[in-house]
1. With the condition kept exactly as written, say whether any residue in segment A:14-24 is buried (at least 22 other Cβ atoms within 10 Å of the Cβ) and either touching a helix residue (DSSP H, G or I) at 6+ places or on another chain (Cβ under 7 Å) or modelled with pLDDT under 95 (or both).
2. With the condition kept exactly as written, say whether any residue in segment B:88-101 is closer than 28 Å to residue B:12 by Cβ and among the charged types (D, E, K, R).
3. Of the residues A:280, A:294, A:252, which is charged (D, E, K, R) and under 24 Å from residue A:161 (Cβ atoms)?
4. Under the condition of being without any contact (Cβ under 8 Å) to a residue 60 or more places away in the chain and under 15 Å from residue B:300 (Cβ atoms), which residue from segment B:239-248 is surrounded by the fewest Cβ atoms within 10 Å (Cβ to Cβ)?
5. Could you identify the single residue in A:99, A:105 that is modelled with pLDDT of 95 or more, of a type in the set (Asp, Glu) and at negative phi?
6. Looking only at segment B:208-220, decide whether some residue is farther than 27 Å from residue B:59 by Cβ and either surrounded by fewer than 24 Cβ atoms within 10 Å (Cβ to Cβ) or assigned by TED's automatic domain parsing to the domain that holds residue B:47 (or both).
7. Taking only pairs six or more apart or across chains, which ones have beta-carbon atoms under 8 Å, a first residue in segment A:281-306 that is loosely packed, with under 13 Cβ neighbours inside 10 Å, and a second residue that is in a loop (DSSP other than H, G, I, E, B)?
8. Restricting to segment A:77-106, what's the tally of residues that are part of a loop (DSSP other than H, G, I, E, B) and farther than 30 Å from residue A:48 by Cα?
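The values are calculated or read from the model by the stated rules, or taken from the named source; none is laboratory data. This structure is a prediction, so every number in the text was calculated from the model and none was measured. Please note: Cβ atoms are built from the backbone with ideal geometry, for glycine as well, and neighbour counts cover all protein chains shown.
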There are 2 protein chains.
Amino acid sequence: MGNIILGVGNAARLFHSDTGEGKGTEDLISIVDPRAHVVSAFDFAVTRGDGIFEATTVWKGQPVSLENHLRRLSHSARLMDLPQPDIEAFAQAVHTLIEQYDGSEAGPLLRLLISRGLDDATGIGRQDGGLPSIWMFIDAMGSLHETDPISMISLTRGYPSDIAGRAPWLLNGAKTLSYAVNQAIHRECDRRKVTDAVLTTEDGYVLECPNSSIVAQYGTHLVTPDPSIGILHGTTQRELFAYGRQEGGSFEYAKLPFERLLEADRLYMTHGGWVIPVGELDGRRYTVDPSSIESINAAIHAGRTHDEALGIGPKAE
Amino acid sequence: MGNIILGVGNAARLFHSDTGEGKGTEDLISIVDPRAHVVSAFDFAVTRGDGIFEATTVWKGQPVSLENHLRRLSHSARLMDLPQPDIEAFAQAVHTLIEQYDGSEAGPLLRLLISRGLDDATGIGRQDGGLPSIWMFIDAMGSLHETDPISMISLTRGYPSDIAGRAPWLLNGAKTLSYAVNQAIHRECDRRKVTDAVLTTEDGYVLECPNSSIVAQYGTHLVTPDPSIGILHGTTQRELFAYGRQEGGSFEYAKLPFERLLEADRLYMTHGGWVIPVGELDGRRYTVDPSSIESINAAIHAGRTHDEALGIGPKAE
């Protein structure tokens, strides 16, 4: 028990592997001292950032959008040629982790980290590798719940808008552990004294933020970029779309020119179970209604949008 | 002693940090059991692939191109807003590691892995973070010395050729731990039954290979892409340029259209202290002279090109 809970997953039980191993009575996850070193320097996570992850808020014991996060984990695994995670086993492991948490923070952050396992280009990996490595933690000091209006800038991601279909080896749309560029974008934001960035294509379309989705509101109509452009399908964005529909509005996945973002009535950055209002983007200012933001987040955290969000997605999906 | 040697570096001694700590009498590096877990799941290496690395062959006790690798480590640190490594201290730590190696392999692989340290968006990182993490290993089972002619394909890297100057937050030219895309490119090569890939820009210029440089030979003239296009400055490529000059040839860094690569007399992929002949690229076949390849690698490993390689670079550098 504590306010930081670390677990090491049992790959033979958490993945649909072809090894024939596992499916025994071993635990899905071992809870360990969060200060313990549990990762090998020969692990693909360390040598190559070669893995996938998910993160969300655990609000009063409930992991927000857990099913959509685990579906996205599956999707990332497919794009990365990793074995398929066993969604039910992962959900069970997450709940085992949550049971250990007794911190006072109502909304600690949950992270699921998965690597390809030990690097098979190393001696240690050649001897012992094969199964993915899994670490999970709940961290009351790593939460994400600032809802003050943020200022943003746009930055190019360097790609044209048709790259995802033409070059799947670039992994656009997979949530990989290789986030050095995402981190560098946040350092660039610090230098420019803004909170976050909207990434765009070289031909002027909206993508996503380094660790968030972007949603524009026109009247009661919500719009976000279609994931087929090579971005993540937002989990909290789906909760927001469900909220909008419950309130009588509509929503849309679109190939969204950046100028249309500047014409929005309101703008939201969504991630990890939180909808955050954007006050400014590239100098353009947006209306922010703090009580509306509070209502949206309260509805998402109370689970009011949960079931509906599971059925929301672009038509092509 | 053994054929896999793992060390954990002392950041206070290996980096020019402003903390005022360190510079004491502690060891630069602690040698540990290679099977030990030495990395926290809350380390930036694991959570974000947020770090830098270098790799080279240690030939009969001599790390090939060590100074150029450590200079490149400095360059990567600058692009990544990391503190500057103390080059002399790193070189000393590498030699401490090498002294422990007593495997029978003449050319084991050395890897230097550096992360930003504990992730300060986690509770563990907030309590203990601040200094980079450093791991180093020598691995006799992780060597790279196949010199049979390889077949290659070209694949787009998705970027235009002018992106590095316009968008430094994309980290082009830094050797980061975020290599998931590089790994995916190698899986794509496996699917297409080739050994490796030459990456190109969207406007048709040559970049580099996922973990190697590419060098074209026309008569006795060697040409490689200028690093200013947003690629690594090859260490073994510099050794090859030095070799070429010693043999009476010339060399050039250029903005190299992909078609010119197909017109080369010979083509080489260079990495980690080895020059590897390319037999085929996109179906075009190249002459390979195995005895020349053997002479080049022997000269590099014997240190014959070492001093001269230190002075080789594009004019603008």
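1. Within segment A:14-24, the subset buried (at least 22 other Cβ atoms within 10 Å of the Cβ) is A:14-15.
Applying the additional criterion that residues be either touching a helix residue (DSSP H, G or I) at 6+ places or on another chain (Cβ under 7 Å) or modelled with pLDDT under 95 (or both) yields A:14-15.
Within segment A:14-24, one or more residues are buried (at least 22 other Cβ atoms within 10 Å of the Cβ) and either touching a helix residue (DSSP H, G or I) at 6+ places or on another chain (Cβ under 7 Å) or modelled with pLDDT under 95 (or both).
2. First, the residues of segment B:88-101 that are closer than 28 Å to residue B:12 by Cβ: B:88-101.
From the residues that got through so far, the ones that are among the charged types (D, E, K, R) too are B:88, B:99.
Checking segment B:88-101: at least one residue is closer than 28 Å to residue B:12 by Cβ and among the charged types (D, E, K, R).
3. On the way: A:280 fails: under 24 Å from residue A:161 (Cβ atoms); A:294 fails: under 24 Å from residue A:161 (Cβ atoms).
Residue meeting the stated conditions: A:252.
4. Among those that are without any contact (Cβ under 8 Å) to a residue 60 or more places away in the chain and under 15 Å from residue B:300 (Cβ atoms), it is B:247.
5. On the way: A:105 fails: modelled with pLDDT of 95 or more.
Only one candidate qualifies: A:99.
6. Step one: list which residues in segment B:208-220 are farther than 27 Å from residue B:59 by Cβ, which gives B:218-219.
Pick out the ones that are also either surrounded by fewer than 24 Cβ atoms within 10 Å (Cβ to Cβ) or assigned by TED's automatic domain parsing to the domain that holds residue B:47 (or both) and you get B:218-219.
Yes, there is a match, as at least one residue in segment B:208-220 is farther than 27 Å from residue B:59 by Cβ and either surrounded by fewer than 24 Cβ atoms within 10 Å (Cβ to Cβ) or assigned by TED's automatic domain parsing to the domain that holds residue B:47 (or both).
7. Short answer, once both residue conditions are applied: A:290/A:147; A:294/A:147.
8. Of the residues in segment A:77-106, the ones part of a loop (DSSP other than H, G, I, E, B) are A:80-84, A:86, A:100, A:102-106.
Going one step further and asking which of them are farther than 30 Å from residue A:48 by Cα, we end up with A:100, A:102-106.
The number of residues fulfilling the criteria is 6.
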